[in-house]
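Just below is one structure, and these are the notes that go with it.
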Amino acid sequence: MKKQKSIILKMDEPLPISNPFDLLTEEIILAILDSLNDDAFAKKSFSLVCKSFYFIESRHRKTLRPLSTDLVLRTLKRYRFVSELDLSLCPRVDDAALTQIASSRSSLRSINLSRSRLFTHNGLSSLVANCAGLVEIDLSNRAELTDTAAAAIAEAKNLERLSLARCKMITDMGIGCVAVGCKKLRFINLKWCLRVSDLGVGLIAMKCKQIRAMDLSYVPITEKCLPPILELEHLEDLVLEGCPGIDDAGLATLKHSSKSLKTLNMSNCQNVSHVGLSSLTYGAEYLQHLFLAYSLSVTSDLAKCLHNISGLQSIKLDGCSVTTSGMKAIGNWLASLKELGLSKCLGVTDECLSFLVQTHKELRKLDITCCRKITYASIDSITNSCTSLTSLRMESCSLVSKDAFVLIGQRCRFLEELDVTDNEIDNEGLKSISRCSKLLTLKLGICSNITDDGLTHVANGCSKLKELDLYRSSGITDEGITAIAHGCPALEMINIAYNDKITDTSLIFLSKCMLLKAIEIRGCHSVSSVGLSAIVMECRQLMVLDIKKCTNINDNGMIPVAQFSKNLKQINLSYCSVTDVGLLALASIKRLQCMTILHLSGLTPNGLAAALLACRGLTKVKLHTSFKPLLPQSLFEYMEARGCVLHWRDKAFQVEMDPKRWEIALWKKS
């Protein structure tokens with residue numbers, strides 16, 4: 001009887017569940033996946049939880065970016081509901097591959113072929129014929145494509161977005177075919193299409209009435225094609241950058257502008273003055289963004305012609321010559337600017353800048369990079385008037401005193417980006433700036449007055465920091481970097497190049513910042529393979545690694561890089577102590593695309609050849625010219641066919657750069 005009772009009790013107990021995730025409905029699982037859209041690593045982990053998750057994730061994915069041509073068809077078999085295919089990492093896509101893609105993905109809506117080199121018009125014809133729903137095609141950088149390819153594209157009747165940037169062989173005839181066939185076009189990019197003229201551009205404007213955006217940068221056009229463009233009822237974005245054929249005389253013949261235009265880019269248009277600009281913008285009452293970099297002189301006449309555009313929100317005048325009267329006239333505009341670019345503008349003074357910011361108090365972004373005449377007075381006016389700034393770029397404002405930087409932290413608490421590279425900022429300035437708790441990007445390169453104490457303040461106050469640049473800030477040691485590692489766990493990029501007091505200790509503590517995607521430690525001679533190993537073992541999302549001139553990093557550092565940095569895309573090994581063994585180990589990193597390997601004393605021609613052959617995902621490699629005669633021609637041909645470009649550098653061996661000449665090296669990669 002007792003035995004029977006115990007059996008009954010056991011039957012009343014809940015049945016064991018072999019997989020608790022089976023209790024989740026598909027709707028809940030899809031909602032979880034939706035929240036992971038921007039995190040490829042999280043989605044991969046999700047798919048490995050169980051078979052049902054693996055299956056659901058494959059059905060949920062709509063976009064796909066294969067790492068190599070060999071993986072395209074295999075991944076498409078798993079992800080059967082993909083509608084957007086990005087093949088920009090697949091240089092060897094040919095006609096056969098496009099035909100197979102088209103036959104297996106008739107529901108494809110978007111395809112990016114901007115780095116693929118082997119397909120012809122035949123492959124495009126097959127793609128367009130089988131994928132009737134295509135709305136977007138990117139063929140940028142295919143300089144060999146001709147009008148026959150454009151004619152094939154013209155059969156995509158539902159096409160809305162087309163990029164032909166740098167398709168230098170396509171002429172007006174091909175563009176005419178596109179204009180006649182693709183009447184639903186909303187966006188077209190013809191940048192650097194050097195054989196396209198007014199005729200082709202005019203046909204697009206006359207036939208494709210739904211156009212919203214046109215990029216005609218560096219296309220040899222004149223004002224003759226502008227009337228039909230400006231008549232486009234829905235045109236919002238027009239880019240005319242670097243078009244020397246457009247001048248004042250031609251623009252003066254225009255009868256009206258585009259009333260729907262929101263963004264106009266006239267940068268590098270050397271033959272246009274305020275007279276021509278006035279003709280082009282007259283009546284453009286909805287204009288919000290204007291780009292005039294490296295073109296006009298900022299005079300009172302220029303400011304007057306834009307005075308009545310009340311909706312103007314941003315203007316970029318980078319590299320322009322500026323007058324005081326012109327700046328003051330901008331200060332009197334009806335519009336309330338949200339963004340202003342004055343980078344490298346000659347003539348910007350305290351007087352004119354102070355007047356301008358006192359009237360445009362709603363500024364959110366201000367770029368005064370290399371405005372070398374401004375002083376404390378300008379920063380006082382900026383921070384007093386524009387307290388809602390989210391971005392302030394002021395690199396190389398050499399006359400601004402250290403006291404001015406205290407004002408930034410006191411008055412601009414909403415800053416998310418601050419660039420004070422090559423300035424007199426000190427620890428007191430950093431202490432004040434640490435009050436900006438929303439700060440995401442902080443650039444302190446070549447700031448010789450800051451030390452670990454200042455960085456500690458930043459670490460304590462700016463916990464959301466994602467990007468930190470300390471290039472050649474010689475007062476920084478392991479203590480400061482350790483503080484940053486503890487206080488800024490969300491750090492994604494750090495540059496501590498040419499700081500000779502940095503050792504492995506810094507890297508060991510930085511390894512706790514597991515979201516790190518890019519680290520630059522070039523010229524840190526005290527860093528060794530031990531520190532590098534610590535970083536790569538913990539920071540699995542690392543994509544960019546620059547260890548140039550880290551002479552204590554050798555093959556022992558490359559082995560863990562190869563083992564743990566599976567997402568690495570770019571590496572600079574120049575002047576390191578890496579040999580054939582270490583270089584060959586990197587072949588296991590499938591995502592590796594770019595390598596710079598100059599002056600590796602332990603590298604042999606055979607080792608280099610083996611590494612180049614084994615690293616199948618490479619698209620660009622920088623090598624010393626001394627290796628060129630030592631490698632077989634067949635290797636060069638094979639690498640080119642695989643889509644990899646070899647850049648040869650005849651650069652003499654450098655023991656160390658003169659630290660007083662940092663300006664010639666700032667942010668330049670060898």
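Quick check on this structure: which one of 357, 420 is more than 25 Å from residue 471 (Cβ to Cβ) and within 30 Å of the chain's Cα centre (by Cα)?
Details: 420 fails: more than 25 Å from residue 471 (Cβ to Cβ).
Sole residue among the options that is more than 25 Å from residue 471 (Cβ to Cβ) and within 30 Å of the chain's Cα centre (by Cα): 357.
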Confirm whether residue 185 is closer than 24 Å to residue 147 by Cβ, open to solvent by 60 Å² or more (accessible area, probe 1.4 Å) and assigned to a loop (DSSP other than H, G, I, E, B). no
Of the residues 98, 159, 127, 145, only one is closer than 19 Å to residue 62 by Cα, in a loop (DSSP other than H, G, I, E, B) and not basic (Lys, Arg); which? 159
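For every residue, the table says whether it meets (1) in contact with a Gly (Cβ under 8 Å, 6 or more places away or on another chain); (2) buried (at least 17 other Cβ atoms within 10 Å of the Cβ).
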{"position": "302", "(1), (2)": "yes, yes"}
{"position": "311", "(1), (2)": "no, no"}
{"position": "329", "(1), (2)": "no, yes"}
{"position": "336", "(1), (2)": "no, no"}
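Within the stretch 519-527, does at least one residue satisfy the condition of being touching a helix residue (DSSP H, G or I) at 6+ places or on another chain (Cβ under 8 Å) and surrounded by fewer than 23 Cβ atoms within 10 Å (Cβ to Cβ)?
Within the stretch 519-527, the first condition is being touching a helix residue (DSSP H, G or I) at 6+ places or on another chain (Cβ under 8 Å), and the residues that meet it are 519, 521, 526-527.
Still in the running and surrounded by fewer than 23 Cβ atoms within 10 Å (Cβ to Cβ): 526.
Yes; the residues of the stretch 519-527 include at least one that is touching a helix residue (DSSP H, G or I) at 6+ places or on another chain (Cβ under 8 Å) and surrounded by fewer than 23 Cβ atoms within 10 Å (Cβ to Cβ).
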Looking at the stretch 567-600, which of its residues are in a loop (DSSP other than H, G, I, E, B) and open to solvent by 50 Å² or more (accessible area, probe 1.4 Å)? 569, 590, 591
What are the residues in the stretch 601-623 that are open to solvent by less than 10 Å² (accessible area, probe 1.4 Å) and assigned to a loop (DSSP other than H, G, I, E, B), if any? 615, 618
Among the residues of the stretch 551-559, is there at least one that is closer than 17 Å to residue 592 by Cβ, open to solvent by 20 Å² or more (accessible area, probe 1.4 Å) and not acidic (Asp, Glu)? yes
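Quick one: which residue in 402, 431 is at pLDDT 95 or above, open to solvent by 10 Å² or more (accessible area, probe 1.4 Å), touching a His at 6+ places or on another chain (Cβ under 6 Å) and not polar (S, T, N, Q)? It would help to see each step written out before you state the result.
Working: 402 fails: touching a His at 6+ places or on another chain (Cβ under 6 Å).
Going through 402, 431 in turn, just one is at pLDDT 95 or above, open to solvent by 10 Å² or more (accessible area, probe 1.4 Å), touching a His at 6+ places or on another chain (Cβ under 6 Å) and not polar (S, T, N, Q): 431.
Any idea which of 469, 478, 500 is touching a residue at least 12 places away in the same chain (Cβ under 8 Å) and touching a strand residue (DSSP E or B) at 6+ places or on another chain (Cβ under 8 Å)? It would help to see each step written out before you state the result.
Working: 478 fails: touching a strand residue (DSSP E or B) at 6+ places or on another chain (Cβ under 8 Å); 500 fails: touching a strand residue (DSSP E or B) at 6+ places or on another chain (Cβ under 8 Å).
Just one listed residue meets the conditions, 469.
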Here are some conditions: (1) among the small types (Gly, Ala, Ser); (2) surrounded by 20 or more Cβ atoms within 10 Å (Cβ to Cβ); (3) over 28 Å from the mean Cα position of the chain (by Cα). Residue 533 meets all but one. Which one does it not meet? (3)
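Go through 316, 259, 328 for me and flag whichever is more than 23 Å from residue 226 (Cα to Cα), of a type in the set (Lys, Arg) and free of Cβ contacts under 8 Å to residues at least 60 places away in the same chain.
Working: 316 fails: more than 23 Å from residue 226 (Cα to Cα); 259 fails: more than 23 Å from residue 226 (Cα to Cα).
None of the others qualify; the one that does is 328.
Residues are listed down the side, and each one gets a yes or a no for (1) modelled with pLDDT under 95; (2) closer than 16 Å to residue 572 by Cβ; (3) touching a strand residue (DSSP E or B) at 6+ places or on another chain (Cβ under 6 Å):
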{"site": "604", "(1), (2), (3)": "no, no, no"}
{"site": "617", "(1), (2), (3)": "yes, no, no"}
{"site": "642", "(1), (2), (3)": "yes, no, no"}
{"site": "655", "(1), (2), (3)": "yes, no, no"}
{"site": "658", "(1), (2), (3)": "yes, no, no"}
{"site": "667", "(1), (2), (3)": "yes, yes, no"}
Would you call residue 33 buried (at least 17 other Cβ atoms within 10 Å of the Cβ), in a helix (DSSP H, G or I) and within 26 Å of the chain's Cα centre (by Cα)? yes
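In the list 178, 219, 201, which residue meets the criterion of being part of a loop (DSSP other than H, G, I, E, B) and open to solvent by less than 10 Å² (accessible area, probe 1.4 Å)?
Being part of a loop (DSSP other than H, G, I, E, B) and open to solvent by less than 10 Å² (accessible area, probe 1.4 Å) holds for just one of 178, 219, 201, which is 219.
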Please indicate, with yes or no, whether at least one residue in the stretch 17-30 is closer than 26 Å to residue 541 by Cβ, at pLDDT 75 or above and surrounded by 10 or more Cβ atoms within 10 Å (Cβ to Cβ). yes
Of the residues that make up the stretch 460-473, is at least one of a type in the set (S, T, N, Q) and more than 21 Å from residue 572 (Cβ to Cβ)? yes
Could we say that residue 190 is buried (at least 21 other Cβ atoms within 10 Å of the Cβ), within 30 Å of the chain's Cα centre (by Cα) and not β-branched (Val, Ile, Thr) here? yes
Pairs please, first residue from the stretch 344-360 and within 16 Å of residue 379 (Cβ to Cβ), second anywhere and among the basic types (Lys, Arg) and assigned to a loop (DSSP other than H, G, I, E, B), Cβ atoms under 6 Å, 6+ apart in sequence or on different chains. 349/373
Looking at the stretch 489-496, can you tell me whether even one residue there is surrounded by 23 or more Cβ atoms within 10 Å (Cβ to Cβ), outside any strand (DSSP E or B) and of a type outside the set (A, V, I, L, M)? no
Quick one: in the stretch 279-300, of everything that is touching a Cys at 6+ places or on another chain (Cβ under 8 Å) and over 13 Å from residue 264 (Cα atoms), which residue is most open to solvent (accessible area, probe 1.4 Å)? 294
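Hey, among 368, 425, which residue is open to solvent by less than 10 Å² (accessible area, probe 1.4 Å), under 24 Å from residue 322 (Cβ atoms) and β-branched (Val, Ile, Thr)? Step through it out loud before you land on a result.
Details: 425 fails: under 24 Å from residue 322 (Cβ atoms).
Just one listed residue meets the conditions, 368.
Could you please find all residues in the stretch 481-495 being aliphatic (A, V, I, L, M) and in contact with a strand residue (DSSP E or B) (Cβ under 7 Å, 6 or more places away or on another chain)?
At the first step, the residues of the stretch 481-495 found to be aliphatic (A, V, I, L, M) are 481, 483-485, 490-491, 493-494.
Residues satisfying the conditions are 484, 491, 493, 494.
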Regarding the stretch 441-454, can at least one residue be identified that is out of contact with any Phe, Trp or Tyr (no Cβ under 9 Å at 6 or more places or on another chain), assigned to a helix (DSSP H, G or I), within 24 Å of residue 525 (Cα to Cα) and open to solvent by 60 Å² or more (accessible area, probe 1.4 Å)? yes
Taking residue 150 as meeting all but one of (1) in a loop (DSSP other than H, G, I, E, B); (2) under 18 Å from residue 189 (Cβ atoms); (3) of a type in the set (A, V, I, L, M, F, W, C); (4) within 29 Å of the chain's Cα centre (by Cα), write down the number of the exception. (1)
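The values are calculated or read from the model by the stated rules, or taken from the named source; none is laboratory data. All figures in this text were calculated on a predicted structure; none of them were measured in a lab. Methodologically, a virtual Cβ is constructed for each residue, glycine included, from the backbone with ideal geometry; neighbour enumeration extends over all protein chains shown. The protein model used for the area step is the full one, side chains on, heavy atoms only, and it has no ligands, DNA or RNA in it. Shrake-Rupley method; radii C 1.70, N 1.55, O 1.52, S 1.80 Å.
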